[in-house]
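Student: Right, I'll just put the structure down here and ask away after.
The values are calculated or read from the model by the stated rules, or taken from the named source; none is laboratory data. Just so we're clear, the structure is a prediction, and the values are computed from it rather than from any experiment. A quick note on method: Cβ atoms are made from the backbone with ideal geometry, for glycine too, and the neighbour counts reach across all protein chains shown.
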Amino acid sequence: MVTEKLYYQDQYLGRFTARVLKSETDKASKHFVVLDQTAFYPTGGGQPHDIGTLNGLEVYNVEEIDGEIRHYISEPIKVKSECVGKINWERRMDHMQQHAGQHILSAAFEEEFGYETVSFHMGKELCTIDLSIESLTEQEANEAEKVANIIIIENRPIETRWVKKDDLNKYKLRKEVAVNDNIRLVIIPDFDYNGCGGTHPKATGQVGSIEILHWEKQKNFIRVFFVCGRRVRTQLHEKHQVIQNLTVLLSSPQEELEKEAKRVLDQSKALEKEIADLKQQLNTYEAESLITKAEAKHSYKLIKELYVDRAFAELQSLAKNITSRSDEIIVLLINETGDTLQFVCARGKNISISMNQVLKEVLPIINGKGGGNDLIAQGGGEKVITADDLMKLLVDVISLKLE
């Protein structure tokens, strides 16, 4: 069922009339119609679909499936009905700017440095191209961006041409075409020749401008993030707002922001180190205090303490600190937080008991999980018993094994 593709005849067509050839639901029970002609561009070639309305109904998706262009709408429209389609022009123009901008930027990288574009993605806010290179310098990115914007300023025509496969050798194509029939070339004379089924403006000047934002390593290629046209202004506005907010927060003019931010970060790191050192000192004082209060047993000393909402990592560190200072000591620390009980059990190196085995015997009672080794183990579970009862249980297990 062939639909006449009006978007190839006039990419600026924002309103059209058509007759419904088919009105059905797909496997997901979504309504769609097929028209005798359409200005709605379906998803393809890296370019997202158009949106808009048909007889006032929202067209939220357009796909070409098995040769037919499906317009997805919320309600069915009767077959043979006449309908009026309206394209969301702002979205269409944005897509044309981004797509044409990608052609220009990719051609600039290839023209200047021989860097081939292997894929393109047009996101809602940012676009990317993947270059088949291992690294990209700032100088190279700036040069490619400069060349691309010169092509835009020159306002060169963007032509489209339908050709046969035998005619392809007449053009200096940037990459091989993916089809053998109905080959559509998008041409910027003396700069870029590329097989493409997307929509583009009639001249490069309508792209407005191209801005490379950043790039990152992705396996064996470099992913370049960029924006074109209206998106450049959007990015400029957003970044300017961030800079203005930072100038207020840091009480520093724009040109000093980087220096001031570095000073604040360095100060923060120094304070974090100081806090970490102080916590370690407190941990040591607490360990020594608990050792002095340890309960003497037949062949070992026992420390047992209950806590509420204590950072579990602190308790683990405290248990290790204690057992590093005494070889004949067992440490049982329980933390109660919300609906959970957490505990750490540790021993000095001269006591012959596996703390991991103690853990395994107790965890099932609180439906818990955990792990460790002979010297120290930790776990947690549901508060199905009190913290006191859990402590008694741990003490009993250890007593049976040692006394």
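Student: Considering only the range 15-44, state which residues are in a loop (DSSP other than H, G, I, E, B) and buried (at least 16 other Cβ atoms within 10 Å of the Cβ).
Tutor: Those that are in a loop (DSSP other than H, G, I, E, B) and buried (at least 16 other Cβ atoms within 10 Å of the Cβ): Ala39, Phe40, Tyr41, Pro42.
Student: Select the helices (runs of 4 or more DSSP H) contained entirely in the range 288-403, then report the ones holding at least 1 residues which are among the charged types (D, E, K, R), more than 26 Å from Ala276 (Cα to Cα) and out of contact with any strand residue (DSSP E or B) (no Cβ under 7 Å at 6 or more places or on another chain).
Tutor: 355-362, 387-402
Student: Right, another one. Return the residues of the range 321-333 that are in contact with a helix residue (DSSP H, G or I) (Cβ under 6 Å, 6 or more places away or on another chain), without any contact (Cβ under 8 Å) to a residue 60 or more places away in the chain and closer than 18 Å to Met391 by Cβ; say none if nothing qualifies.
Tutor: Of everything in the range 321-333, those that are in contact with a helix residue (DSSP H, G or I) (Cβ under 6 Å, 6 or more places away or on another chain), without any contact (Cβ under 8 Å) to a residue 60 or more places away in the chain and closer than 18 Å to Met391 by Cβ turn out to be Ile322, Val331, Leu333.
Student: Under 9 Å between Cβ atoms, which residue pairs at least 6 apart in sequence (or on different chains) link something in the range 296-308 that is assigned by TED's automatic domain parsing to the domain that holds Lys383 with a partner that is of a type in the set (Ser, Thr, Tyr) and in a strand (DSSP E or B)?
Tutor: Qualifying pairs under 9 Å: Tyr307/Thr337; Val308/Thr337.
Student: Further, regarding this structure: Here's a check for you: in the range 48-92, which residue that is of a type in the set (Asp, Glu) and within 33 Å of the chain's Cα centre (by Cα) is farthest from Asp36 (Cα to Cα)?
Tutor: Glu90
Student: Against the conditions (1) farther than 24 Å from Asp10 by Cβ; (2) assigned by TED's automatic domain parsing to the domain that holds Gly44, where does Cys83 fall short? Just the number, please.
Tutor: Going through the list (1) farther than 24 Å from Asp10 by Cβ; (2) assigned by TED's automatic domain parsing to the domain that holds Gly44, Cys83 breaks only (1).
Student: Okay, moving on. What is the number of the single condition among (1) out of contact with any Cys (no Cβ under 8 Å at 6 or more places or on another chain); (2) surrounded by 15 or more Cβ atoms within 10 Å (Cβ to Cβ) that Gln378 does not meet?
Tutor: (1)
Student: I would also like to ask the following. Within the range 334-377, how many residues are without any contact (Cβ under 8 Å) to a residue 40 or more places away in the chain and of a type in the set (A, V, I, L, M, F, W, C)?
Tutor: Selection size over the range 334-377: 9.
Student: Do we find that Leu185 is assigned to a helix (DSSP H, G or I) and either over 30 Å from Arg325 (Cα atoms) or not assigned by TED's automatic domain parsing to the domain that holds Gln139 (or both) in this structure?
Tutor: Taking the combined requirement at face value, the residue does not satisfy it.
Student: Report, by residue number, each residue of the range 303-326 that is among the charged types (D, E, K, R), more than 12 Å from Cys345 (Cα to Cα) and within 39 Å of the chain's Cα centre (by Cα).
Tutor: Hits for the range 303-326 are Asp309, Arg310, Glu314.
Student: Related question: Any residue in the range 378-397 that's free of Cβ contacts under 8 Å to residues at least 40 places away in the same chain and assigned by TED's automatic domain parsing to the domain that holds Asp309: show its pairings with residues that are surrounded by 15 or more Cβ atoms within 10 Å (Cβ to Cβ) and part of a strand (DSSP E or B) at Cβ separation under 7 Å, as long as the two are six or more apart or on different chains.
Tutor: Close Cβ pairs (under 7 Å, with a partner that is surrounded by 15 or more Cβ atoms within 10 Å (Cβ to Cβ) and part of a strand (DSSP E or B)) amount to Gly379/Phe343; Gly379/Gly370.
Student: Can you name every residue in the range 122-145 that is closer than 29 Å to Arg91 by Cα and surrounded by fewer than 13 Cβ atoms within 10 Å (Cβ to Cβ)?
Tutor: Gly123, Lys124, Glu125, Asn142
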